[in-house]
Every structure is written in C-alpha cells, then in structure tokens.
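Q: Pasting a structure below so you can have a look.
The values are calculated or read from the model by the stated rules, or taken from the named source; none is laboratory data. What you see is a predicted model; the values in this text were computed from it and never measured. Quick reminder, even Gly has a Cβ in these numbers, built from the backbone with ideal geometry, and neighbours come from all protein chains shown. Keep in mind that these areas ignore ligands, DNA and RNA; they rest on the heavy atoms of the full protein, side chains included. Shrake-Rupley method; radii C 1.70, N 1.55, O 1.52, S 1.80 Å.
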Amino acid sequence: MEAKYGLRYDQVIPAYREAMKRGARRFGLHSMIISNERNYHYMVETVHMLLDIIDEVSQELKIKFEFFNISGGIGIPYRPEDTIFDMPAFVRETKIHLRRFAQKNGYTPRLFMECGRFITGPHGVLVATVTNRMSKYREYVGVDAATMSANPRPAIYESAYHHITILNPNGQPNTAKKK
Ligand SMILES: Cc1ncc(COP(=O)(O)O)c(C=O)c1O
C-alpha cells in the first residue's frame, strides 16, 4: 500500500524513538485511512491495526499511549437506497479489541475520531423553492438557493451526489411517477 502522508510501518518505531530523544513524553497515534465508508468492518480493522501498532511500540519503547485517533471515514447514506453504518456493531467489536488490549497492557488508550460528516451530514436539509423554469434541450429550474453559497459540494467534487426530494403542495414528498 502506498500513501503520500504519514509514516510507513517500518518508520513508526524509529519516529517515536526520535521523538523521545527530542523530549516527547506524551504519546498518541493518528491515522487517516478511509473516507465515507459505510461498512463498519473497515473501521473495526483500523482500530485493530492501530492497537496492534500501539502494542508493539509500547513494548519496544516502554511507553504508554494516551490516545489513538481513527480520524474520519464513517460514511453516510447519500442515496435513498444506501445502507447505513452499523454503529452498534462497530462499538461492540471495537470494545472487544480495546478489552483485549487492556488485558495485555493493563490500560486502554482513549479512542478519538473526526467523523464530522457522520454527525452533521444527515441532520440538516436545504429547503429551496423553484422560482423559474426554462425549457431548452432539457428542463431547467431556477431555485432560491445558490450553488456556491448553499450547496457547493457537487460543484467542487464531480462525484458528489445530493439527493433532491420534490415536495407536493401539501409539503409531502412527491411520489408521482415521472412522465
Ligand atoms: C484528517 C482528516 N480527518 C477527517 C476527515 C473527514 O473524513 P470523512 O468526511 O470522509 O469522514 C478527513 C477527510 O479527508 C481528513 O483528511
């Protein structure tokens, strides 16, 4: 596996050793491996891998880790048919790895994550009203929300998908079939 940032596996112990030589006394481990992943197994594998590395570094250098950070990566459903991330299963299996680590090492490092998308993504909606229509080559509608200020993601990331639900005059999702 190749990566632009971070350390290669064989560089990890020398990096901590060098940090200790330069006076570091508190230790943690950061990672950033996956993005928008809805399969919880990959996140559990990340936890497992980081705990293995911490275990190895701890044994070799006789240090304790205050925390490890699995970073971002927990995905959210963008399309109605997308499955959701199984948080209870992730927590259950992660606890097994943490317990195993604690049994061997006598302590558990704190687990941090940076899953902002998972927290904020599914909990907001942009409501816009159609203000004008144009029929040329295809049907265009203008709305009272601007791409760059209200919903820049699809314009910035070509692959980004944002689902649009059209409401009928009663405010309910329009389930009428397309003509
Ligand atoms: C360091 C770091 N943390 C967190 C994230 C957020 O990841 P995501 O939104 O894919 O969960 C990223 C995304 O690139 C990142 O680089």
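Q: For HIS123, only one of the following conditions fails: (1) farther than 30 Å from PHE68 by Cβ; (2) within 16 Å of the ligand (Cβ to nearest atom). What is its number?
A: (1)
Q: Here is a further query. Hey, does the range 144-165 have a residue that's without any contact (Cβ under 8 Å) to a residue 24 or more places away in the chain and either assigned to a strand (DSSP E or B) or assigned by TED's automatic domain parsing to the domain that holds GLY72 (or both)?
A: No; the residues of the range 144-165 include none that is without any contact (Cβ under 8 Å) to a residue 24 or more places away in the chain and either assigned to a strand (DSSP E or B) or assigned by TED's automatic domain parsing to the domain that holds GLY72 (or both).
Q: Name the residue that is least open to solvent (accessible area, probe 1.4 Å), counting only residues in the range 1-43 that are within 16 Å of the ligand (Cβ to nearest atom) and hydrophobic (A, V, I, L, M, F, W, C).
A: Taking the candidates together, the pick is MET43.
Table: residues versus (1) modelled with pLDDT of 95 or more; (2) out of contact with any Leu (no Cβ under 8 Å at 6 or more places or on another chain); (3) surrounded by 15 or more Cβ atoms within 10 Å (Cβ to Cβ).
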position	(1), (2), (3)
ASP52	yes, yes, no
LEU61	yes, yes, no
ASN69	yes, no, yes
ASP86	yes, yes, yes
PHE90	yes, yes, yes
ARG99	yes, yes, no
ARG117	no, yes, yes
THR120	no, yes, no
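Q: Let me ask you something else. Just checking, how many residues over the range 62-112 are assigned to a helix (DSSP H, G or I) and away from the ligand (no atom under 16 Å from the Cβ)?
A: Result for the range 62-112: 17.
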